[in-house]
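Before anything else, here's the structure in question.
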Amino acid sequence: MLWVGIVVLFVIIAIIVVLFSFIRGEFYFSRVKDNDTLSMEMRALFGLIRYRFVIPIIQFKGFTKGIMIKSEKVGKTSSKLKDETKDHITKDKVLSFYKTAQEALVHTLNLYDWMKQTLAKVECTELRWITRVGVGDAPETAITTGAIWGIKSSLLGFSIRYVNLIAKPRIDVIPQYNEKQFSTEFRFAGRIRMWFAVFAAVRLLARAAKVKGGIRTWIQIALKARSRFKTAS
């Protein structure tokens, strides 16, 4: 009986530790001249579960083919490439995504409120957005710098209010006088407790259950996302 009690106690402690651990995410985008890089990373269970998605190439192929992206799935070390795929983001795919979002909104009770309550529990641990700009003329560069500052302030002021900002943001626009240049680097890192992520998922299902066809709609959305993920991989 003593060993049984020890095992039960160990399981309870392990569950508590897991529930109070963080799910961490990071979004990164940079543009230097004509080179674009976008990456997303998710980590959970103290790094035991990790997924990193890198898009090193983004090219506009016209209104018919849309935007061509080359994506890479990377393992636990950035040097280990697991898979590489190419895909096109077309107008039809954007419309399909919009339609799916509309279905989720219609078949979930107060989905917008759920999103705000969930985002309020997300802690922003890093926020950096550095832009270098120059248009070849000093006065015009100064005007452009001020305009970019205004755009950044508006965008960040609108989005940051939904999350819990615990890190000091580093936002800057660096003018490059007498030089034509544009480069930008954006990084956002956040985290949320595992227990609240689980609780948020349960609340989402509960809200969907209160609307006719809500659970069925979310199952279809999940299956569709899973099939797209398998196709891409």
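The values are calculated or read from the model by the stated rules, or taken from the named source; none is laboratory data. Treat the numbers as computed from the prediction; the structure is a model and nothing was measured. Note: ideal-geometry Cβ built from the backbone for every residue, glycine included; neighbour counts use all protein chains shown. Surface accessibility is based on the protein's heavy atoms, side chains included, excluding ligands, DNA and RNA. Shrake-Rupley method; radii C 1.70, N 1.55, O 1.52, S 1.80 Å.
Which is in a helix (DSSP H, G or I) and not β-branched (V, I, T), of L127, L105?
L105
Read through the list (1) at pLDDT 85 or above; (2) surrounded by 14 or more Cβ atoms within 10 Å (Cβ to Cβ), then give the number of the only condition that P56 fails.
So the condition that P56 fails would be (1).
Can we say T217 is in a strand (DSSP E or B), of a type in the set (S, T, N, Q) and surrounded by 14 or more Cβ atoms within 10 Å (Cβ to Cβ)?
Here the answer is no, as T217 does not meet what is asked.
List pairs: first in the stretch 133-153 and on the phi > 0 side of the Ramachandran plot, second open to solvent by 50 Å² or more (accessible area, probe 1.4 Å) and not aromatic (F, W, Y), Cβ under 6 Å, 6+ apart or cross-chain?
If the second residue must be open to solvent by 50 Å² or more (accessible area, probe 1.4 Å) and not aromatic (F, W, Y), the pairs left are G136/K180.
Matching residues to (1) in a loop (DSSP other than H, G, I, E, B); (2) touching a residue at least 12 places away in the same chain (Cβ under 8 Å); (3) more than 16 Å from V198 (Cα to Cα):
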position: I12; (1), (2), (3): no, no, yes
position: V17; (1), (2), (3): no, no, no
position: I23; (1), (2), (3): no, yes, no
position: L38; (1), (2), (3): no, yes, yes
position: R43; (1), (2), (3): no, yes, no
position: F46; (1), (2), (3): yes, yes, yes
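So which residues in the stretch 101-110 are in contact with a Lys or Arg (Cβ under 7 Å, 6 or more places away or on another chain) and open to solvent by less than 40 Å² (accessible area, probe 1.4 Å)?
T108
I'd like the full set of residues that are open to solvent by less than 40 Å² (accessible area, probe 1.4 Å), of a type in the set (A, V, I, L, M, F, W, C) and at pLDDT 85 or above, limited to the stretch 112-156.
If the condition is that a residue be open to solvent by less than 40 Å² (accessible area, probe 1.4 Å), of a type in the set (A, V, I, L, M, F, W, C) and at pLDDT 85 or above, then V122, C124, L127, I130, V133, I148 are the ones that fit.
Which ones in the stretch 154-187 are part of a helix (DSSP H, G or I) and within 30 Å of L45 (Cβ to Cβ)?
If the condition is that a residue be part of a helix (DSSP H, G or I) and within 30 Å of L45 (Cβ to Cβ), then S159, I160 are the ones that fit.
Look at the stretch 188-200 and say how many of its residues are open to solvent by less than 50 Å² (accessible area, probe 1.4 Å) and either part of a helix (DSSP H, G or I) or among the charged types (D, E, K, R) (or both).
4
Only one residue in T184, T118, T217 is of a type in the set (S, T, N, Q) and within 24 Å of I49 (Cβ to Cβ), so which one is that?
T118
Please enumerate the residues belonging to the stretch 25-36 that are modelled with pLDDT under 85, assigned to a strand (DSSP E or B) and of a type in the set (D, E).
Within the stretch 25-36, D36 is the sole residue that qualifies.
Among the residues of the stretch 160-169, are any of a type in the set (A, V, I, L, M, F, W, C), surrounded by 15 or more Cβ atoms within 10 Å (Cβ to Cβ) and in contact (Cβ under 8 Å) with a residue 60 or more places away in the chain?
No - not one qualifying residue is present in the stretch 160-169.
Hey, another quick one. Can you name the number of the only condition in (1) open to solvent by less than 40 Å² (accessible area, probe 1.4 Å); (2) within 27 Å of G25 (Cβ to Cβ); (3) in a helix (DSSP H, G or I); (4) small (G, A, S) that A225 fails?
(1)
G146 is checked against (1) in a helix (DSSP H, G or I); (2) within 30 Å of Q102 (Cα to Cα) and fails just one. What number does that condition carry?
Tallying (1) in a helix (DSSP H, G or I); (2) within 30 Å of Q102 (Cα to Cα), G146 fails exactly one: (2).
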